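Q: Let me give you the structure first, and then I'll get to my questions.
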Amino acid sequence: MPRSGRNNQRGIALLTALLLCGVLNAIHHQRQRRSLPDPVTGVVRDAALIPAQTVTVQIAQWWRLHVGSLFAGPQLAQRNRILNQQVLALSGENKQLLEAQQENNRLRALLDFEQKSPRPLLAAEVTALKPIPHSETLTLNRGLSSGVKLRTIVIAPNGALIGQVLDVTPRSCTVLMMTDIGSSVGAQVRARNNAKPPIGVCQGTGDSIHLTYLKSEDDVRPGDLVTTSGLGGVFPSDIPIGTVVSVQNDATRSIKTAVVRPNAYFDSLEEAFLIR
């Protein structure tokens, strides 16, 4: 086609487009003056604008999920590392505060027990627990310089009997615990109905305590509290020893024996009190 023919066609197309735009514009203004919906605008919106916006949103989402995450990943990982470190630090601080609170409560309980005791007490720390094999002993950090003497009575923080001082040096002492086979103390069972309390002797067996020399008619039952009797003048009376676990009768000797679970926690002692 000659060049002049192509120019004429372009001119006609341009003129047609201009006329069409003019007609559409006139229709648009006329519909606006009458407050009527513009079909042209609706067609353009539905056919072009909305699809274009939908495609734009989808492209933005795809970019954010696939491309943006490539850049955000390292930053998120760094933030997670920082947060994890902060969580660990806070957990450590919380644990230290909890341990400090527990230690404070323990020390307050010890001080309260010492102040309320009817007997004068001397607080001591356990520096060695069962240091000698096959011997139920412990070592305290109190000795002659603190007024400790041989046969001084030692009790636990809960008031239960531990034993008595077996050996003493200027700054420490060795305590023979009630569970040792060489230990014994006069004991009584908490009486019922104002009856006379059954009396016997508590002896160590190495891991527990046996209350022996009970009479066959003595009313002793599992769960009964066993305390010192005060007989013999060595141990003060009414110091808790333990709780009856079981009772065995010996018909041939007309006596009975009770197995006693100690009230003192011999395997986990950290502090003790010496009765002055």
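The values are calculated or read from the model by the stated rules, or taken from the named source; none is laboratory data. Note that the structure is predicted; figures quoted are calculated from it, not measured. Glycine gets a Cβ as well: all are built from the backbone with ideal geometry, and neighbour counts include every protein chain shown. Protein only, heavy atoms only, side chains kept; ligands, DNA and RNA dropped before computing areas. Shrake-Rupley method; radii C 1.70, N 1.55, O 1.52, S 1.80 Å.
Q: Applying the selection to the range 125-152, what residues are among the aliphatic types (A, V, I, L, M), within 21 Å of Asn263 (Cα to Cα), open to solvent by 10 Å² or more (accessible area, probe 1.4 Å) and out of contact with any helix residue (DSSP H, G or I) (no Cβ under 8 Å at 6 or more places or on another chain)?
A: Scanning the range 125-152 gives Val126, Ala128.
Q: Exactly one of these conditions fails for Asn249: (1) in a strand (DSSP E or B); (2) surrounded by 14 or more Cβ atoms within 10 Å (Cβ to Cβ). Give me its number.
A: All conditions pass for Asn249, except number (2).
Residue-by-condition table, conditions (1) of a type outside the set (D, E, K, R); (2) modelled with pLDDT under 75; (3) surrounded by 10 or more Cβ atoms within 10 Å (Cβ to Cβ):
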{"residue": "Gln53", "(1), (2), (3)": "yes, yes, yes"}
{"residue": "Arg64", "(1), (2), (3)": "no, yes, yes"}
{"residue": "Gly68", "(1), (2), (3)": "yes, yes, yes"}
{"residue": "Ala72", "(1), (2), (3)": "yes, yes, yes"}
{"residue": "Asn84", "(1), (2), (3)": "yes, no, yes"}
{"residue": "Val87", "(1), (2), (3)": "yes, no, yes"}
{"residue": "Gly92", "(1), (2), (3)": "yes, no, yes"}
{"residue": "Asn104", "(1), (2), (3)": "yes, yes, yes"}
{"residue": "Arg108", "(1), (2), (3)": "no, yes, yes"}
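Q: Specify the residue that is nearest to Gly159 (Cα to Cα); the eligible residues are those in the range 206-246 that are assigned to a loop (DSSP other than H, G, I, E, B) and under 35 Å from the mean Cα position of the chain (by Cα).
A: Within the range 206-246, the match that is nearest to Gly159 (Cα to Cα) is Ile239.
Q: So, in the range 192-205, how many residues would count as being closer than 19 Å to Ala160 by Cα and either exposed (fewer than 13 other Cβ atoms within 10 Å of the Cβ) or within 37 Å of the chain's Cα centre (by Cα) (or both)?
A: 2
Q: Please enumerate the residues belonging to the range 221-238 that are buried (at least 19 other Cβ atoms within 10 Å of the Cβ) and touching a Lys or Arg at 6+ places or on another chain (Cβ under 9 Å).
A: Asp224, Val226, Thr227 - these are the residues of the range 221-238 that are buried (at least 19 other Cβ atoms within 10 Å of the Cβ) and touching a Lys or Arg at 6+ places or on another chain (Cβ under 9 Å).
Q: For the range 252-276, how many residues are part of a loop (DSSP other than H, G, I, E, B) and either farther than 30 Å from Leu150 by Cβ or among the small types (Gly, Ala, Ser) (or both)?
A: Final tally of qualifying residues: 4.
Q: Restricting to the range 158-182, and then to whatever is farther than 18 Å from Ala128 by Cβ and in a loop (DSSP other than H, G, I, E, B), can you tell me which residue is most open to solvent (accessible area, probe 1.4 Å)?
A: So, considering only residues that are farther than 18 Å from Ala128 by Cβ and in a loop (DSSP other than H, G, I, E, B), the one most open to solvent (accessible area, probe 1.4 Å) is Ile181.
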